[in-house]
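Before any comments, here is the structure.
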Amino acid sequence: MIKNISSSNNLASNTHLTSHKSVYISTYGCQMNVNDSERMYSLLEMANYVQVDTPEKADLIIINSCSVREKPVHKVHSEVGRYRKMKEKNPNLRIGVSGCVAQQEKDKLLTALPVLDFVFGPDNIDALPSIVSELDRKSSENDKSKINYTQFRHRESYNIETYTRNPGVATFVNITKGCDNFCTFCVVPFTRGRERSRNLKSLVDDINRLIQTKGVQEVTLLGQNVNSYESDCGADFGKLLETLCANTDIKRVRYTTSHPKDFNEDLVRILAKYPEKLCKYIHLPMQSGNSEILRRMNRGYTREEYLEKIKMIKSLIPDVSLSTDIIVGFPGETEEQFMDTVSLMQEVAYETIFAFKYSPRPLTKAARFENQIPEDVKSRRLNYLFEKHNELAFELAKRYENQTLDVLVEKVEEDGTASGRTTHNKLVHFIGSQSLIGQIVPVRIIRSFPVNLRGELVQ
């Protein structure tokens with residue numbers, strides 16, 4: 001029997017939670033999923049759970065899933081299958097799936113994978129302590145029914161506090177959730193719901209608290225489309241950035257992900273106005289370099305419009321570092337259209353790309369398009385794209401050699417190897433002491449690679 005829970009009021013109170021239980025969370029997908037897992041750990045810690053590093057040690061296992069592409073869905077089935085024997089040996093072990101696969105599949109998961117005890121969606125993370133309390137109650141009553149907690153809360157305001165246990169120097173902060181763009185290839189509007197933004201004042205207060213109580217020096221603002229942020233007071237994303245620069249002591253601010261159709265000159269001028277705090281790194285997903293493919297993707301811009309935005313960005317922030325997302329093998333994509341993507345990548349000169357083969361997702365329009373591209377063709381195109389970008393990336397990385405860059409130090413290993421990031425989002429390794437953690441220090445770059453840089457501390 002599957003129990004569909006429609007309200008947190010239907011869940012038992014937390015009084016059934018016992019002390020010192022252990023939890024293991026397996027995380028797939030984007031930075032938002034990583035942040036969601038940290039929130040789960042924090043919530044469960046307040047409910048007397050402790051994190052363990054292997055599933056074999058856990059009383060509770062959660063798979064925080066991603067369904068942007070097909071493979072992670074298969075990974076969920078495979079991983080749950082590996083836990084079957086553990087469940088047979090320990091009937092009190094609780095296994096659940098969260099994230100976008102849980103939201104997408106719901107009862108199908110619980111039916112297909114009998115070893116599962118519960119599923120819950122991204123909109124229901126804060127109910128997790130109540131869900132595990134309900135599981136304890138059901139166990140004590142020998143109730144075998146499953147828990148499905150996947151309803152959306154579109155009409156509720158999005159007011160949360162960032163939960164993070166040991167954030168270190170840098171941490172993620174959600175500013176929006178959901179998406180209203182409905183790109184034809186993307187399942188996110190169906191798994192994370194409609195778009196909602198956090199209140200401006202509560203966001204500023206949240207970040208000030210992270211600085212003052214957790215020692216955070218850098219935040220990455222998260223959203224499916226951060227550019228469409230709009231507080232209930234009317235403040236847009238640009239106003240949010242200005243407010244953080246003026247009203248907090250944060251040293252650096254990053255953000256992801258942006259949508260090209262909403263990335264305008266007003267925003268770029270704000271980025272250029274605060275170069276000390278707002279990082280000179282912009283992730284601007286193009287997805288395709290062909291206007292017809294972009295139209296069929298429902299992206300809301302053409303190749304020419306995208307290139308105009310890049311030209312504008314480079315004119316206002318000349319030393320900007322750019323990265324992008326690319327999909328190859330979208331339904332109907334010809335060789336000529338694919339080569340348009342390659343040429344746009346080369347023309348823009350992205351330092352980093354995140355490229356993937358198109359994967360049909362349930363509920364999306366593109367999954368029903370004709371002329372689906374064979375897997376071998378998609379693989380060939382993806383390999384060619386990476387090959388061409390590797391040639392470009394090594395050349396682009398050379399610009400950092402012999403420069404002295406400001407690095408925010410995040411950690412220092414026992415052997416004295418320090419690491420941190422530049423404003424361009426480049427990871428830098430150099431020799432330094434533990435006292436440097438949390439400081440911005442000058443590092444002269446000796447060798448450069450596409451993924452990281454090596455340097456020496458300027459005394």
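The values are calculated or read from the model by the stated rules, or taken from the named source; none is laboratory data. In this text, all values refer to a predicted model and were calculated from it rather than measured experimentally. Every residue, glycine as well, gets a Cβ built from its backbone with ideal geometry; the counts of neighbours run over all protein chains shown.
Pairs are defined by a Cβ separation below 8 Å, a sequence spacing of at least 6 or placement on different chains, a first member in the range 131-144 that is more than 20 Å from residue 97 (Cβ to Cβ), and a second member that is hydrophobic (A, V, I, L, M, F, W, C) and surrounded by 10 or more Cβ atoms within 10 Å (Cβ to Cβ); the pairs so defined are 137/12. Among residues of the range 196-215 that are small (Gly, Ala, Ser), those with a beta-carbon under 7 Å from a residue that is surrounded by 20 or more Cβ atoms within 10 Å (Cβ to Cβ) at least six positions away or on a different chain give the pairs 197/175; 197/176; 197/229.
Among (1) within 26 Å of the chain's Cα centre (by Cα); (2) among the acidic types (Asp, Glu); (3) over 29 Å from residue 407 (Cβ atoms), there is one condition residue 325 misses while meeting the rest; what is its number? Here residue 325 meets the rest and fails (3).
Cβ-Cβ contacts under 7 Å between residues 6 or more apart (or on different chains), taken from a first residue in the range 237-259 that is more than 25 Å from residue 30 (Cβ to Cβ) and not assigned by TED's automatic domain parsing to the domain that holds residue 300 to a second residue that is in a strand (DSSP E or B) and not basic (Lys, Arg), are listed as 245/278. Restricting the range 284-334 to residues that are charged (D, E, K, R) and either free of Cβ contacts under 8 Å to residues at least 24 places away in the same chain or in a loop (DSSP other than H, G, I, E, B) (or both), the residue that is farthest from residue 364 (Cα to Cα) is 319. Pairs meeting the criteria (first residue in the range 413-437 and modelled with pLDDT of 95 or more, second residue crowded, with 18+ Cβ neighbours inside 10 Å and of a type in the set (D, E, K, R), beta carbons under 6 Å, at least 6 apart or on different chains) are 420/410; 427/421. The residues listed here are 147, 125; of these, the one that is aliphatic (A, V, I, L, M) and within 23 Å of residue 186 (Cα to Cα) is 125. Here residue 106 fulfils each of the conditions (1) surrounded by 15 or more Cβ atoms within 10 Å (Cβ to Cβ); (2) at negative phi apart from (2). Listed conditions (1) surrounded by fewer than 22 Cβ atoms within 10 Å (Cβ to Cβ); (2) under 19 Å from residue 271 (Cα atoms) are all met by residue 240, apart from (1).
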